[in-house]
Structure formats: structure tokens, C-alpha cells
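Asks: Quick one: the structure is below, questions incoming.
The values are calculated or read from the model by the stated rules, or taken from the named source; none is laboratory data. None of these values were measured; they are calculated from a predicted model. Cβ coordinates were reconstructed from backbone atoms using ideal geometry, including for glycine residues, and neighbour counts include every protein chain displayed.
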Amino acid sequence: MKNIIIDCDPGIDDSLALIMALKSPEINVVGITIVSGNVHASKGAKNALKVLRLLDMLHIPVYVGEGKPLVREFVTAEDTHGEDGLGETFIEEVYDVEVKNGVVDFILESAKRYENLTVVAIGPLTNLALTIEKDRETFNKLKEVILMGGAFKSHGNCSPVAEFNFWVDPHGADYVFKNIDIPLIMVGLDVTREIVLTPNYIELLNQIYLESRDEIAKFIVDITRFYVDFHWKQERTLGCVINDPLAIGYLLDSSICSGEDYFVQVVKNGEAIGQSMVDVADFYREKPNCHVLTKVDAKRFMVMFLTRLFPNYKKEIEVVLNNNRYGI
Ligand code: BDR
Ligand code: CA
């Protein structure tokens with residue numbers, strides 16, 4: 001069993017990552033911690049509860065974390081994820097479950113309690129930086145941190161060089177890179193950009209819903225609509241990039257990606273703020289602090305993602321994915 005905490009900012013693709021983890025029998029989600037990113041942490045927590053209700057797993061605790069980045073003024077991504085963070089679906093809130101406070105203590109207590117606990121961080125790294133700042137020794141009892149963030153050879157999505165999670169809280173991200181003594185895996189845009197929920201996949205989800213009335217399929221179609229429209233307006237692409245679930249995919253099967261160990265820092269000011277600076281040529285003669293993923297088998301990931309969500313459709317998913325006629 002893989003014990004994990006998911007630190008996230010749901011968020012459309014965060015919600016997909018949560019669903020994938022919660023639907024994976026070999027993963028035990030011990031808690032969900034929320035950071036401000038795509039939306040403010042208080043809104044993100046409400047969205048995490050909506051996902052938990054969908055899966056009938058409201059027993060999993062949700063902790064609300066930092067309301068703002070360490071130093072920078074907070075900027076949301078509501079233009080991309082919608083005013084509610086879930087593609088303006090405005091799904092009814094969960095009223096009968098309380099979210100908790102105390103993210104830092106929850107992570108530290110869990111690090112002591114569980115052997116081999118992984119943190120999968122798919123939002124800005126503010127919560128993690130504050131946890132390390134409070135008790136670095138205990139934080140380093142964790143097994144590893146798998147994070148979605150940064151861009152190595154790929155371009156940014158907030159500036160020519162910066163990826164959103166690092167751009168929102170570059171000080172938090174840099175602090176984590178500089179103070180972590182356990183394996184850190186960077187699932188950045190180099191690999192996540194390859195993970196596109198194309199119109200064909202969305203049609204497959206529509207068909208699954210029509211046939212089986214599986215509410216998860218409907219939820220995904222509904223929340224990604226806004227995201228798809230955003231991608232078309234922004235970059236003239238069809239479908240949407242779903243970054244965050246790849247971090248869960250890597251946790252489940254690291255052989256779907258490959259990469260190299262490097263020393264990485266995050267730029268904290270100026271035009272390149274939020275850039276992940278990867279020291280490929282070893283200019284700084286520093287020990288590598290991060291395993292940077294550079295390649296992914298996107299099709300294998302999509303099979304893994306969809307079959308975990310809809311195990312009864314395993315055969316159909318494989319047929320659709322392996323049929324060249326669909327161009328996916
Ligand atoms: C990251 O930024 C957010 O908008 C997504 O949820 C993802 O974590 C991609 O740059
Ligand atoms: Ca995210």
C-alpha cells in the first residue's frame with residue numbers, strides 16, 4: 001500500500017488527480033491538504049470535498065492551508081479553472097463535513113506516524129515550505145515528494161519560462177528545493193504537456209456516462225468544458241492539458257516517465273520569476289537535489305488513468321487508444 005498526502009489547489013486537473021488516486025486500490029490517501037493556487041485555499045478545500053462526495057469518501061480529512069504565497073502577492077488562475085475552480089459548474093457545496101486547519105502539523109504528525117509516506121504536491125509549494133521551515137528533520141522522515149511544477153526544456157505557461165505553480169510562489173518552491181534531503185521528483189511541463197484530454201477521450205467519457213450513468217464520467221466532462229474552451233481561445237488547441245494526474249501516474253508506475261538528476265533552483269525575482277533553473281552543465285558543482293522528468297509514454301499513462309477511473313471499460317479503452325483511426 002502506498003500511503004500519500006496530496007497537497008493541492010483544486011482546480012480542474014487537481015480534481016482529476018484526486019479521483020485517480022482515490023480510485024487506485026494500491027493508494028491510501030491519508031489526507032488532502034490545500035494550498036492557494038488555482039483558487040484561494042478556502043475555495044480549493046470546498047472543491048476537494050465535492051470530489052470526495054462524488055467518490056463517497058468523505059471520511060478522508062481535508063486540511064486548509066496557506067491563504068497566500070510566502071512573499072509574492074497572490075494571483076489565482078480563475079481565468080483557466082473558472083470562478084469556482086471547477087470550470088464554473090457551480091456544483092453544490094458539501095455542508096455537513098468540516099474542513100480542518102493545521103496543514104503543517106498534520107504533515108509532520110503523518111510523517112512520524114507512517115513509514116514510507118509520500119507527499120504528492122500538485123499546487124504551489126507554500127505549505128511544504130512552511131512545514132520544512134517548522135521542522136526540517138521530521139519532514140525529511142517522508143519517503144519522497146513528487147511534485148507537479150516547473151519546466152526544464154519546455155516553455156512556461158505563465159511567462160516564456162515560468163510554470164504556474166512555481167510562478168505563484170517562487171520563494172516557497174525555491175525553499176523546498178534548497179532544504180529537502182529526501183528524493184524530490186519534478187513532474188514538470190516537459191512531461192505533463194504531453195498529457196492531453198483530446199475531444200476523442202471526452203467523447204469516450206460521454207459514451208461511458210450515457211451507457212452506465214457513471215457520475216465520475218459526467219463530472220469530468222462537465223468540469224473540463226471550461227478548460228477546453230480556455231485552451232482553444234488561448235492557444236488554438238483542441239482538448240485540454242491535464243497536468244496533475246501524471247504525478248499520481250508516476251507514483252503508481254515510475255517506468256512511464258524517465259529523467260535525470262540535477263541541481264535545481266527557482267528564480268525569485270525579475271522577468272524570469274518562477275523559472276526552474278536546471279543546472280544541466282553542473283556550473284554550480286552542487287549535489288543534485290531533484291530528479292527531473294523529461295520523457296513520458298503518454299499513451300500508456302492515458303490507459304492507466306482511464307482504466308483506473310472506469311475499470312469496467314478496460315477493454316473498450318484499450319481498443320479506442322490503440323485504434324489509429326482516432327488519432328490518439
Ligand atoms: C499547474 O498549474 C495549475 O493551473 C494546474 O493545476 C497544475 O498544477 C500546471 O502549470
Ligand atoms: Ca494544481
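Asks: Here are some residues: I27, I6. Which one is within 14 Å of ligand 2 (Cβ to nearest atom) and β-branched (V, I, T)?
Replies: Of I27, I6, the one residue that is within 14 Å of ligand 2 (Cβ to nearest atom) and β-branched (V, I, T) is I6.
Asks: Among the residues of segment 206-263, count how many are within 29 Å of C290 (Cβ to Cβ) and of a type in the set (F, W, Y).
Replies: Number satisfying all stated conditions: 4.
Asks: Does F310 count as buried (at least 16 other Cβ atoms within 10 Å of the Cβ) and out of contact with any Phe, Trp or Tyr (no Cβ under 8 Å at 6 or more places or on another chain)?
Replies: yes
Every residue, every condition in (1) modelled with pLDDT of 95 or more; (2) part of a loop (DSSP other than H, G, I, E, B), yes or no:
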| site | (1), (2) |
| --- | --- |
| E260 | yes, no |
| G270 | yes, yes |
| M277 | yes, no |
| V280 | yes, yes |
| R285 | yes, yes |
| T294 | yes, no |
| I317 | no, no |
| I328 | no, yes |
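Asks: State yes or no: is T33 in contact with a Phe, Trp or Tyr (Cβ under 7 Å, 6 or more places away or on another chain), of a type in the set (S, T, Y) and surrounded by 24 or more Cβ atoms within 10 Å (Cβ to Cβ)?
Replies: Spelling it out, T33 is indeed in contact with a Phe, Trp or Tyr (Cβ under 7 Å, 6 or more places away or on another chain), of a type in the set (S, T, Y) and surrounded by 24 or more Cβ atoms within 10 Å (Cβ to Cβ).
Asks: Moving on. Exactly one of these conditions fails for L125: (1) under 30 Å from N312 (Cα atoms); (2) crowded, with 19+ Cβ neighbours inside 10 Å. Give me its number.
Replies: Only one criterion is unmet by L125, namely (1).
Asks: Right, here's the next one. Under 6 Å between Cβ atoms, at least 6 apart or on separate chains: pull out the pairs that start in segment 22-42 with a residue that is assigned by TED's automatic domain parsing to the domain that holds E66 and end on any residue that is away from ligand 1 (no atom under 16 Å from the Cβ) and of a type in the set (S, T, N, Q).
Replies: N28/N3; V30/N3; V30/S110
Asks: To continue, here is another question. In this structure, is D84 more than 15 Å from ligand 1 (Cβ to nearest atom) and of a type outside the set (K, R)?
Replies: Spelling it out, it is not the case that D84 is more than 15 Å from ligand 1 (Cβ to nearest atom) and of a type outside the set (K, R).
Asks: On to the next question. List the helices (runs of 4 or more DSSP H) that sit entirely inside segment 113-199 and contain at least 2 residues that are away from ligand 1 (no atom under 16 Å from the Cβ).
Replies: In segment 113-199, the matching helices (runs of 4 or more DSSP H) lie at 126-134, 136-139, 170-179.
Asks: Right, next: Of everything in segment 30-61, what is under 21 Å from S110 (Cα atoms) and within 16 Å of ligand 2 (Cβ to nearest atom)? Give them in sequence order.
Replies: Correct list: I32, T33, I34, V35, A41, A45, A48.
Asks: Something else now. Specify the residue that is surrounded by the most Cβ atoms within 10 Å (Cβ to Cβ); the eligible residues are those in segment 296-307 that are of a type in the set (D, E, K, R) and part of a helix (DSSP H, G or I).
Replies: R300
Asks: Restricting the search to segment 202-220, which residues are crowded, with 16+ Cβ neighbours inside 10 Å and in a helix (DSSP H, G or I)?
Replies: Within segment 202-220, I202, L204, L205, I208, Y209, I216, A217, K218, F219, I220 meet the criteria.
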